[in-house]
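All of the numbers you see were taken from the coordinates with simple rules; none came from a lab. Just so you know, these numbers come straight off a predicted model, no measurement behind them. Here the Cβ is made from the backbone with ideal geometry for all residues, glycine too, and neighbour counts use every protein chain on show.
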Amino acid sequence: MRVLIVEDELKMASLLRRGLLEEGYAADVARMGEDALWMAGAVDYDAIVLDLMLPGIDGVEVCRRLRASGVWSPVLMLTARDAYEDRVAGLDAGADDYLPKPFSFAELLARLRALVRRGAAERPAVLQVGDLRLDPATRQVWRGDHELSLSAKEFALLETFMLRPGEVLSRYRLLEHAWDFGYENRSNVVDVYVRYLRAKIDRPFGRDSLETVRGVGYRLRRDGGA
């Protein structure tokens, strides 16, 4: 999952990004509303954490402009103020959820997972494709009854596939969702990690769930390779 953090307070932005990275997410930071608008327009983020109080364009206006420009990534709005007027303004501008400061990081993660599930029709808490299951909350993956051990990036890449079963995903799109702007060595990293995944989720079980679509990218079969 790739998340955009829009927060002008450097310490808060750094804490949020570090926490998300430790959980295996890809996370980018924008400290100004203007930066958030072009970044969200350029990248298909799985979710946006948006602070209400920003210099220049505030969070409500950022959210309003995102929706007006056709950016529909789920938005979790943060604020130090808890007056109902602020909640109403944020939600009316197009935010999907609201979390007042101070908050627990565990709750923020849970709300982000819920927003991503809500963004697609009938998205269950545990993703399942064939007998392949992935739990974003516990960071666990199973093939049938066998629990698999994946690295943070392997998990992020598999989650991207399992959110879009049967869909052909280009290398660029996979990079967008599993790696952030801070990652520079992008030449063949997707191919390398697809090989890693195949060695863990397919080969030991005689499966072929991750398909190469020549000249385009990769696809996770809807039947999970069964």
Any idea what the relative contact order of the chain is, in percent, if you count C-alpha pairs under 8 Å spaced at least 6 apart? 17 percent
From the phi angles alone, apply the Karplus equation (6.51, -1.76, 1.60; θ = phi - 60°) to the range 43-49 and give each ³J(HN,Hα) in whole Hz, x where the residue is Gly or Pro. 10, 7, 6, 6, 6, 10, 9
Multiply the residue separation of Glu9 and Arg222 by 0.36 nm, subtract the distance between their alpha-carbon atoms, and state the gained length in nm to one decimal. 72.4 nm
In nm, to one decimal, how far is the Glu61 label point from the Arg164 one, both placed 7 Å along Cα→Cβ? 3.3 nm
I'd like the GluC sites (Glu not before Pro) in the range 1-57 restricted to DSSP loop residues with at most 10 other Cβ atoms within 10 Å, sorted by number. none
Tell me which trypsin sites (Lys or Arg not before Pro) from the range 176-226 have a DSSP coil assignment and no more than 11 other beta carbons within 10 Å of their own. Arg186, Arg214
In a solvent-free Debye calculation with one equal scatterer on each Cα, what is log10 I(q)/I(0) for the chain at q = 0.10, 0.18 Å⁻¹, listed in the order of the q values? -0.46, -1.30
Please enumerate, by chain and number, the lysines with C-alpha under 28 Å from the C-alpha of Lys101, excluding those fewer than 8 residues away in the same chain. Lys11
Per the rule of 0.36 nm per residue minus the C-alpha distance, extending Ser151 to Glu211 adds in nm 19.5 nm
So what's Rg/Rh here for the range 185-226, counting alpha carbon atoms and using the Kirkwood radius for Rh? 1.00
Taking every DSSP bridge whose two residues both lie in the chain, the antiparallel percent to the nearest 5 is 50 percent
Determine the shape class of the range 11-102: with a ≥ b ≥ c the square roots of the Cα gyration tensor eigenvalues, call it rounded for a/c under 1.5, and otherwise prolate if a/b is greater than b/c, oblate otherwise. oblate
Rounded to the nearest 20 debye, dipole of the chain from Cβ charges on Lys, Arg, Asp, Glu: 820 debye
First check a/c for the range 127-220, with a ≥ b ≥ c the square roots of the eigenvalues of its C-alpha gyration tensor; if it is under 1.5, answer rounded, and if not, answer prolate when a/b is larger than b/c or oblate otherwise. prolate
What lysines does Lys153 reach when the alpha-carbon gap must be under 23 Å and sequence neighbours fewer than 8 apart in one chain are set aside? Lys200
Could you list the chymotrypsin sites (Phe, Trp or Tyr not before Pro) in the range 89-167 that lie in coil according to DSSP, counting only those with at most 15 other Cβ atoms within 10 Å of their Cβ? Phe103
